[in-house]
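Values quoted throughout were computed directly from the atomic coordinates according to the rules given, and no laboratory measurement underlies them. Note that the coordinates shown come from a computational prediction; the quantities given were computed from them, not determined experimentally. Every residue, glycine as well, gets a Cβ built from its backbone with ideal geometry; the counts of neighbours run over all protein chains shown.
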Amino acid sequence: MLGTNITLRSTGTNSWSVVAEYSTNLMGPIWQLVSNSVNSYSGGTNVTSFGHPVTNAGQGVIFRVRQTWP
């Protein structure tokens, strides 16, 4: 059995804020914040981990990591 957390890796700098978001529809995307995400940064790589968001049964989910200037 696989773990329940999702881990995304991105590159960047530690002076930017990292936000994990998800959408269930790319045709009319409404991006929602992933709750309870944890970020760590080391050597140019940001690691973002979080639990799978609750959505309707069988509904696909697309994730993205967005970096923003503080």
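Filtering the stretch 37-70 to residues that are part of a loop (DSSP other than H, G, I, E, B) and closer than 13 Å to L8 by Cβ leaves S37, H52, V61. Listed by first and then second residue, the pairs with beta-carbon distance under 9 Å, at least 6 apart or on different chains, first residue in the stretch 31-57 and under 16 Å from T68 (Cα atoms), second among the small types (G, A, S) and part of a loop (DSSP other than H, G, I, E, B), are Y41/G12; G44/G12; T45/G12; N46/G12; T48/S37.
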